[in-house]
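> Please see the structure below; I have some questions.
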Amino acid sequence: MSVADATSGAGVRLGGEVILPDDPGYDEARAVHNGMIDRRPAAIVRCGSVDDVVSALDYAQRSGLTIAVRGGGHNGPGFGTVDGGIVIDLSRRNRIDVDAGGRTVRVQGGATWGQVDAATHAHGLATPSGIIASTGVGGLTLGGGHGYLSRKFGLTIDNLLEAEVVLADGRIVTASESQHPDLFWALRGGGGNFGVVTSFTFRAHPVHTVICGPTAWPASATAEILSWYRDFLPAADEDLYGFFAAMTVPPADPFPADFHLQKACAVVWCYTGDPARADEVFAPVRAMKPAFDGIGEAPYPALQSTFDALYPKGLQWYWRGDFFRTISDEAVATHARFAEQLPTMHSTMHLYPVDGAVHRVGETDTAFAYRDVNFSQVIAGVDPDPANADALRRWTADYWNATHPHSAGGAYVNFMMDEGQDRVRATYGPNYRRLTEVKAQYDPANTFRINQNIRPAL
């Protein structure tokens, strides 16, 4: 359908490619990463310019249509789409400009981290992000962003220098420490509550080749290895990162055939320090006698894309998260029990370290409040078969309910489902009230509400 047909009688011109329910390719265009999400928007607008974003916002508000904003579409509860509303799809806005001399990178809001990694790697640089290359830049950043480089260089938001934002009233502003500083504060962890971010400018760091890979043990060793890991990693040099996983060994390289489809616990490592010290750094790891040792040298983008093939678009996902200051002995025992009960090959639990450089930012310096925790946990029930959706939900909820009493109370906002306002408040803690005030200033009508919603202060 033409733009003219889609906007006839609306009194506005809608720019970009407009995809409507009767158009070829609608089902493909409406799909998000989580195959459990099945929503039918009234229109999907693939924006090619910032002006397209402005016109889509205007059209939606004049038409009384709810707005969802989509970058990479990886959001678990499917906030990148909406029944009967308009999806502002930024996927065509994926330009990346690297300033190698200034060690910065400007990224349009529809890019993925794989695209960013490819661009920065050519200059021997990287910006902290997550662990899946197909993840969108926008969603990960606005939630905080933690991954392989976090212990050394902080969260993604700790490396954000400025953002170009389209506000609910159509204004285009730059948010930084010096311009709209209250908005800039809120964007760093407050999710997509405050506008459509059409570009981000990040600090980049010298990172090229890393020493990385998994070490794995049988699931029966989970209690021993997790007890060791929770004490070892926070005391380790910040050049060393490793996330802990309960997993089923995939039937693929680099794992040996006799380990395939076995339940296991693992740590996936990334070392960015002096390669000459690698044997020394990993000596305590190897002292734990892993059944599999896959540590080796690789370009950083290769590490970042390791799990992309295992978790393609369209799988069924149900996940729940929590922050932990430590992993108590009781929690260790719980993890050991559930590691033996993984319901499907793709289902997993990860504990991501969020210490080191992350701790050097105050809890109220950005919207991301939990600066004193050591681990961010996600429990993810995952499978290709929709028939297993209920089983995934039950296992994830049971696991989460068993570990939550040992948590810090809130969660990484990007690891939450649609869990209600109490969970949103708990996640932002002492920053919640200020966030509601910024929301009232920049989005008083709560136009951007398809998210972990922060309601405007009254």
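Rule-based calculations on the coordinates, nothing more; no lab input. Predicted model only: the values in this text are computed from it and were never measured. Glycine gets a Cβ as well: all are built from the backbone with ideal geometry, and neighbour counts include every protein chain shown.
> At q = 0.25, 0.28, 0.31, 0.34 Å⁻¹, what log₁₀ I(q)/I(0) does a Debye calculation on the Cα points of region 316-359 give, no solvent, two decimals?
-1.07, -1.17, -1.25, -1.31
> For Val249, what charge total do you get from the other residues with a beta carbon under 12 Å from its beta carbon, if Lys and Arg give +1 and Asp and Glu give -1?
Details: positive: Lys263; negative: Asp253, Asp258.
Residues close to Val249 contribute a combined charge of -1.
> Going by how many other beta carbons lie within 10 Å of each one, how would you line up Trp217, Trp185, fewest first? Present the calculation step by step, with values, prior to reporting the outcome.
Working: Trp217 18, Trp185 21.
Going from least to most buried by this count: Trp217, Trp185.
> Order of Thr174, Thr447, Thr127 from fewest to most other C-beta atoms within 10 Å?
Values: Thr174 15, Thr447 18, Thr127 26.
Going from sparsest to densest Cβ surroundings: Thr174, Thr447, Thr127.
> Taking 37 °C and 0.692 mPa s as the conditions, I'd like the Stokes-Einstein D for the chain in µm²/s, using the Kirkwood hydrodynamic radius from alpha carbon pairs.
It comes out at roughly 146 µm²/s.
> On to the next question. Could you list log10 I(q)/I(0) for region 296-376 at q = 0.10, 0.14 Å⁻¹, which the Debye formula gives when each Cα is one point scatterer?
The computed values of log10 I(q)/I(0) come out as -0.39, -0.75.
> Using only the alpha-carbon atoms of region 126-237, report the extent along each of the three principal axes, biggest first, to the nearest angstrom.
So the three principal-axis extents are 56, 28, 26 Å.
> Would you mind classifying region 21-99 by shape? Square roots of the alpha carbon gyration tensor eigenvalues, ordered a ≥ b ≥ c; an a/c under 1.5 is rounded, otherwise it is prolate if a/b is larger than b/c and oblate if not. Provide the component values of the computation, followed by the final result.
On the way: a/c = 1.73, a/b = 1.14, b/c = 1.52.
Judged from the Cα gyration tensor, region 21-99 comes out oblate (a/c at least 1.5, b/c at or above a/b).
> Arranged by the count of other C-beta atoms within 10 angstrom, fewest first, what order do Met247, Met345 take?
Working: Met247 24, Met345 18.
In order of increasing Cβ crowding within 10 Å: Met345, Met247.
> Right, another one. Running Debye on region 1-153 with equal point scatterers at the Cα sites and no solvent, what base-10 log of I(q)/I(0) appears at q = 0.13, 0.14 Å⁻¹?
-0.63, -0.71
> Moving to a separate point now. Can you compute the charge dipole magnitude of region 3-89 about its Cα centre, using +1 on each Lys and Arg Cβ and -1 on each Asp and Glu Cβ, nothing else charged? Give it in debye, rounded to the nearest 20. Can you show the working numbers first?
On the way: 7 positive and 12 negative charges, 50 e Å.
About 240 debye.
> A follow-up question, please. Per DSSP helix of 4 or more residues, -39500 (n - 2.57); summed, then divided by the residues of the chain. What does that give at 222 nm, rounded to the nearest 500? Before the final figure, lay out each step's value.
Details: 14 runs with 124 residues, N = 458.
Helix-only estimate at 222 nm: -7500 deg cm²/dmol.
> Hey, can you rank 358-365, 113-120 by average C-beta count inside 10 Å, highest first?
Numbers: 358-365: 15.1, 113-120: 22.2.
So the order, starting with the most tightly packed, is 113-120, 358-365.
> If you don't mind, another one. Short version: what are the Cα gyration tensor semi-axes of region 234-393, square root of 5 times each eigenvalue, largest first, in whole Å?
On the way: eigenvalues 136, 101, 52 Å².
After diagonalising the Cα gyration tensor, the semi-axes are 26, 22, 16 Å.
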